[in-house]
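**Student:** Encoded as structure tokens, here's the structure I'll be asking about.
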Amino acid sequence: MMGGVHLVLTILIAAVALALSAGVGSPLTAWILGLASRSEPPVRTEDGAAVAPEDVLRGGTWIGVLERLAVTGSILVGYPAAIAVVIAIKGLGRFPEISSAHGAAERFIIGTLTSCLWGAVVGLGALAALTALT
């Protein structure tokens, strides 16, 4: 019976960690980006047009959710090296936008670091809880 309870608690801890990582990470990252953008001028594209920083890196909310799920999940399954793969894929996928719009790189770095740090904190907390079960 204890094995079944242990399995249920393990699944529950992992599910709560993934939900916290994805759900709380979005408003946290948005808040940090808001703090950073208070003095941020509009982003300039290659043709000189001024656009809001959030309009350059569209889809960032969903990418961030997936990024945090991957970071937290990789810690939970004991393969934190996968975090480097997640960051590399994100960087390569965003490279055209980052290189063509002045000011977008800073927003990308701040958002990525906030998102990854939150995912790692939640993952490590869940890992500690799982370790305490044993």
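**Student:** May I ask you to sort THR61, THR131, THR114, THR72 by Cβ crowding, counting other Cβ atoms within 10 Å and putting the fewest first?
**Tutor:** On the way: THR61 15, THR131 8, THR114 20, THR72 30.
Final ranking by Cβ density, sparse to dense: THR131, THR61, THR114, THR72.
**Student:** Report the extension gain between GLU106 and THR134 in nm, rounded to one decimal, defined as 0.36 nm multiplied by the number of residues separating them, less their alpha carbon distance.
**Tutor:** Details: separation 28, 0.36 × 28 = 10.08 nm, distance 4.22 nm.
Stretched fully, the GLU106-THR134 segment lengthens by 5.9 nm.
**Student:** Now, a different point. Take the Cβ-Cβ distance between SER37 and ILE89 as r, set R0 to 22 Å, and report the resulting FRET efficiency rounded to the nearest 0.05. Could you put the intermediate results ahead of the total?
**Tutor:** On the way: r = 25 Å, r/R0 = 1.13.
Computed FRET efficiency for SER37 and ILE89 comes out at 0.30.
**Student:** Further, regarding this structure: To make sure I understand, if each residue's beta carbon is the centre and we count other beta carbons within 10 Å, what order do THR134, THR112 fall in, fewest to most?
**Tutor:** On the way: THR134 6, THR112 20.
Fewest-to-most ranking of THR134, THR112: THR134, THR112.
No lab work stands behind these numbers, since they all come straight from the coordinates. Source: prediction; values computed, not measured. Glycine also receives a Cβ, built like all others from the backbone with ideal geometry; neighbour counts cover every protein chain displayed.
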